[in-house]
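Novice: For reference, the structure I am asking about is given below.
The values are calculated or read from the model by the stated rules, or taken from the named source; none is laboratory data. What you see is a predicted model, and the numbers here were worked out from it, not measured in a lab. Every residue, glycine as well, gets a Cβ built from its backbone with ideal geometry; the counts of neighbours run over all protein chains shown.
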C-alpha cells in the first residue's frame with residue numbers, strides 16, 4: 001500500500017485563509033439568501049480574484065432513523081416536499097428530520113422531531129454522520145442519528161398544524177427499507193445515508209444496544 005493511501009487528510013488551509021469583503025442580504029423569508037464577496041488563498045500560492053456567490057441560508061438540521069432492534073424494523077415518514085413538486089410524486093419517503101432551534105442540541109431536536117412527526121419515544125441515540133448537503137451554495141449542516149424506538153407505537157398521521165405539516169407514518173422492515181434505497185424510491189440524501197449505514201452496522205449497533 002502506498003504511503004499516500006495512508007496519508008492523514010489535514011486541510012492545508014482554514015477559515016483564516018478566506019478574506020470576506022462583504023455580505024449583502026438579498027432575501028429574508030422562510031429561508032434567507034445572501035450575496036458574499038470574498039477571495040481565498042490558492043494552492044500554488046497567492047490569492048484568488050474576487051469571487052461573488054449567492055448563499056442559501058436555511059439553518060442547521062437533524063435527521064433521525066428510528067430503529068427497533070427487537071423487531072428489526074424502521075420508521076419512515078411520508079410528506080409532500082416543495083423541492084420535489086415536479087417529481088413523479090412530490091410525497092417523499094424519508095426519515096424523521098427537523099431544524100435546530102436556537103439553544104437546542106442536535107440530540108434534543110432528534111428526540112423532539114421523532115415525537116412530533118411519528119409519535120414515538122426515542123430511548124437511545126447513536127450518531128451516524130455530520131455533513132453539508134450542498135456546500136457549493138448552501139450553508140446548511142446536517143447531523144444524522146439512529147434512535148432506538150418501539151415501532152409498535154408508530155402509526156397514524158402527525159405533524160404540527162402551525163408548520164403546515166401533514167406526515168404519514170410507515171413501519172417497514174429493515175430489509176424492505178433498504179430495498180427502497182436500492183430501487184430509487186427513497187431520494188432524500190440523509191435517509192439514504194442512514195439506511196446504508198444501518199445495513200452496514202446493524203450487528204454492531206444491536207451489540208451496542210445489548211440486543212445480541
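Novice: Do you know which residues across the stretch 153-196 are touching a residue at least 60 places away in the same chain (Cβ under 8 Å), within 19 Å of residue 111 (Cβ to Cβ) and out of contact with any helix residue (DSSP H, G or I) (no Cβ under 8 Å at 6 or more places or on another chain)?
Specialist: 190, 194
Novice: Please state which one of 111, 95 is at pLDDT 95 or above, assigned by TED's automatic domain parsing to the domain that holds residue 136, in contact with a helix residue (DSSP H, G or I) (Cβ under 6 Å, 6 or more places away or on another chain) and closer than 30 Å to residue 169 by Cα. If you could, list the steps in order and put the result at the bottom.
Specialist: Working: 111 fails: in contact with a helix residue (DSSP H, G or I) (Cβ under 6 Å, 6 or more places away or on another chain).
On inspection, the qualifying residue turns out to be 95.
Novice: Moving on to the next point. Please give the number of the condition residue 101 fails out of (1) over 24 Å from residue 190 (Cβ atoms); (2) within 19 Å of the chain's Cα centre (by Cα).
Specialist: Result: residue 101 fails condition (1) only.
Novice: Residue 70 is checked against (1) under 21 Å from residue 146 (Cα atoms); (2) assigned to a strand (DSSP E or B) and fails just one. What number does that condition carry?
Specialist: With (1) under 21 Å from residue 146 (Cα atoms); (2) assigned to a strand (DSSP E or B) applied to residue 70, the lone miss is (2).
Novice: Now a separate question. Going by what's in this entry, would residue 200 be described as assigned to a helix (DSSP H, G or I), buried (at least 17 other Cβ atoms within 10 Å of the Cβ) and in the same structural domain as residue 113 (by TED's automatic domain parsing)? Before you say what the answer is, go through the steps one by one.
Specialist: Numbers: assigned to a helix (DSSP H, G or I): yes; buried (at least 17 other Cβ atoms within 10 Å of the Cβ): no; in the same structural domain as residue 113 (by TED's automatic domain parsing): yes.
Answer is no for this residue.
Novice: List every residue pair whose Cβ atoms sit under 8 Å apart, with the two residues 6 or more apart in sequence or on different chains, where the first one lies in the stretch 118-143 and is on the phi > 0 side of the Ramachandran plot and the second, anywhere, is part of a strand (DSSP E or B) and surrounded by 17 or more Cβ atoms within 10 Å (Cβ to Cβ).
Specialist: 119/158; 119/169
Novice: Exactly one of these conditions fails for residue 165: (1) part of a loop (DSSP other than H, G, I, E, B); (2) over 25 Å from residue 86 (Cα atoms); (3) touching a strand residue (DSSP E or B) at 6+ places or on another chain (Cβ under 9 Å). Give me its number.
Specialist: (2)
Novice: Consider residue 49 against the criteria (1) within 28 Å of residue 197 (Cα to Cα); (2) in a loop (DSSP other than H, G, I, E, B); (3) without any contact (Cβ under 8 Å) to a residue 40 or more places away in the chain: it satisfies all of them except one. Which criterion is unmet?
Specialist: (1)
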